[in-house]
Every structure is written in structure tokens, then in C-alpha cells.
Amino acid sequence: MSYAGQCHCGALQLQYQTGILPASWTLRACQCSFCQIHAMLSTSDPAGSLAFQAVQGSALQRYRFGSQSADFLFAASAACISARSVLVRLGGSGS
């Protein structure tokens, strides 16, 4: 199944493909202050895919945590978070 979405102003569009039905999605709430302030929820599907298209790239801004572990994209005019990308490091070295 394919699900399309976009931010309020349309600057960023997304396409989420998953074989999991919405009723079975596991929604998670991050406990960091940024996500709590913005009431963000997330879901994932390791077998699925997520693609973004910047329709108005100049309207997008990026916010990155001090730990450099996550990037957030948001449209400045709508002031809403549109996307989060988390870097996952595999292996025991932590680098």
C-alpha cells in the first residue's frame, strides 16, 4: 500500500510504502523535548520505503540535534515538522 502526504504549505511531499495496514501500525512517541513540544509520533516498517520530494526546496529548513543523530525538515511558512531522519549506527564501536 502507498500513502501520500505533504506539509501544510505543500513545500515537502512524501510517499510511504508499506505492507502493514494502518490499524496495525505501531505509533511511537519520542521522549526528547523537541518531539514532546511538537507532539510528534512516528512509525516504521523495515521492509517499507519512504521517499521525499522537495517541491519548494528554498522553503524548507533543517534542524539537527546537538548529538547529530537526527535531522528534522520543516517548512518555514507553515512552521510544522514534515520529516524526521534518524541516523542509525550499526556495530559495537559507537562510531
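For residue 19, indicate whether it is more than 11 Å from the chain's Cα centre (by Cα), surrounded by fewer than 12 Cβ atoms within 10 Å (Cβ to Cβ), at pLDDT below 80 and assigned to a loop (DSSP other than H, G, I, E, B).
no
For the subset of the range 35-47 comprising residues that are touching a residue at least 40 places away in the same chain (Cβ under 8 Å) and assigned to a loop (DSSP other than H, G, I, E, B), which member is nearest to the chain's Cα centre (by Cα)?
40
Every residue in the range 19-63 that is closer than 16 Å to residue 7 by Cβ and either touching a Gly at 6+ places or on another chain (Cβ under 8 Å) or among the basic types (Lys, Arg) (or both), please.
Of everything in the range 19-63, those that are closer than 16 Å to residue 7 by Cβ and either touching a Gly at 6+ places or on another chain (Cβ under 8 Å) or among the basic types (Lys, Arg) (or both) turn out to be 55, 56, 62.
Filter the strands (runs of 3 or more DSSP E) completely within the range 48-95 down to those with at least 2 residues that are over 19 Å from residue 38 (Cβ atoms), modelled with pLDDT of 60 or more and not β-branched (Val, Ile, Thr).
It comes to 49-54.
Looking at the range 14-34, can you tell me whether even one residue there is of a type outside the set (A, V, I, L, M, F, W, C) and in contact (Cβ under 8 Å) with a residue 40 or more places away in the chain?
Taking every residue of the range 14-34 in turn, none turns out to be of a type outside the set (A, V, I, L, M, F, W, C) and in contact (Cβ under 8 Å) with a residue 40 or more places away in the chain.
The values are calculated or read from the model by the stated rules, or taken from the named source; none is laboratory data. Nothing here was measured: the structure is a model prediction, and the numbers come from that model. Using ideal geometry, Cβ is built from the backbone for each residue, glycine included, and neighbour counts are taken over all protein chains shown.
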